[in-house]
Amino acid sequence: EVQLVESGGGLVQPGGSLRLSCAASGFTFSNFWMNWVRQAPGKGLEWVGNINQDGSRKYYGDSVKGRFTISRDNAKNSQYLQMSSLRAEDTAVYYCARDGFASGSLDYWGLGTLVTVSS
Amino acid sequence: QSALTQPASVSGSPGQSITISCTGTSSDVGGYNSVSWYQQHPGKAPKLMIYDVSNRPSGVSNRFSGSKSGNTASLTISGLQAEDEADYYCNSYINTSPPAYVFGSGTKVTVL
């Protein structure tokens, strides 16, 4: 059974940093693009970014470019989202998701982890 | 990366069919077949319903179908059921440098 489990969320002050993790199981992690998607309270989905199978290609949404970094460790079946210079508008549930078809179609999602940026 | 345009809400009675539109440009929806649709119930993670414009993942009901014409993609739900009441989002690849993806603004489906 495919499982994605996010961790690392919490309360952080504006300007601070936080690192999210996503532990994958039930599939060959190194074969898939992985994504991060977020959802602010009461708002819609926003694509944060993705990373290819070997970590050599990473792409980001405009709102996080230069502040967030995606990485992965295939030996640990995990991907990460390093967030810095956090702003109140980064407050959201952050989801880890697998691209099952190499076309941006996200076939498995984690339950999400809440990040709150507030003083 | 502006959100793709979806109607805020669509409603229908049980058994009816409804269609949700997702309008973009020739740089995203109109130019590529990388359009997907997601269903999200309150407090839950999104679920993939359609990928690559019109393909259904294993386990998704055949009451859900997808299509595209020009810069507009569509999700049709036939034989509407109470359990279909949820938020629906489209997503598309964007041909920018570097490449990216964008979600639609979301549509609330209400079963009357």
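The values are calculated or read from the model by the stated rules, or taken from the named source; none is laboratory data. For clarity, every value in this text was computed on a predicted model and none was experimentally measured. Backbone-built Cβ (ideal geometry, glycine too); neighbour counts: all protein chains shown. With ligands, DNA and RNA removed, areas are computed over all heavy atoms of the protein, side chains included. Shrake-Rupley method; radii C 1.70, N 1.55, O 1.52, S 1.80 Å.
Figures for the structure shown
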{"quantity": "Given (1) out of contact with any strand residue (DSSP E or B) (no Cβ under 9 Å at 6 or more places or on another chain); (2) away from chain A (no Cβ under 12 Å), index of the condition B:Val109 fails", "calculated": "(1)"}
{"quantity": "B:Ile18 vs. criteria modelled with pLDDT of 95 or more, within 11 Å of another protein chain (Cβ to nearest Cβ), farther than 20 Å from A:Gly49 by Cβ and touching a Gly at 6+ places or on another chain (Cβ under 7 Å)", "calculated": "no"}
{"quantity": "A:Phe101 vs. criteria over 17 Å from A:Gly9 (Cα atoms) and not basic (Lys, Arg)", "calculated": "yes"}
{"quantity": "Residue in the range B:76-86 that is among the acidic types (Asp, Glu) and under 22 Å from A:Leu114 (Cα atoms) present", "calculated": "no"}
{"quantity": "Residue match in the range B:72-79 (condition: open to solvent by 10 Å² or more (accessible area, probe 1.4 Å), at the interface with chain A (Cβ under 8 Å from one of its Cβ atoms) and farther than 13 Å from A:Leu45 by Cα)", "calculated": "no"}
{"quantity": "Flag if B:Gly66 is modelled with pLDDT of 95 or more, within 19 Å of A:Val93 (Cα to Cα) and crowded, with 17+ Cβ neighbours inside 10 Å", "calculated": "no"}
{"quantity": "Test: residue in the range A:53-61 that is acidic (Asp, Glu) and either within 13 Å of chain B (Cβ to nearest Cβ) or buried (at least 18 other Cβ atoms within 10 Å of the Cβ) (or both)", "calculated": "no"}
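Each row is one residue, and each column tells you yes or no for (1) within 14 Å of chain B (Cβ to nearest Cβ); (2) open to solvent by less than 10 Å² (accessible area, probe 1.4 Å); (3) in contact (Cβ under 8 Å) with a residue 40 or more places away in the chain.
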| site | (1), (2), (3) |
| --- | --- |
| A:Gly66 | yes, no, no |
| A:Asn74 | no, no, yes |
| A:Met83 | no, yes, yes |
| A:Leu86 | no, yes, yes |
| A:Val93 | yes, no, yes |
| A:Gly100 | yes, no, yes |
| A:Ser105 | yes, yes, no |
| A:Gly112 | yes, no, yes |
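Condition check ((1) surrounded by fewer than 22 Cβ atoms within 10 Å (Cβ to Cβ); (2) of a type in the set (Gly, Ala, Ser)) across all residues:
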site: A:Val2; (1), (2): yes, no
site: A:Glu6; (1), (2): no, no
site: A:Gly9; (1), (2): yes, yes
site: A:Gly16; (1), (2): yes, yes
site: A:Cys22; (1), (2): no, no
site: A:Thr28; (1), (2): yes, no
site: A:Trp36; (1), (2): no, no
site: A:Ala40; (1), (2): yes, yes
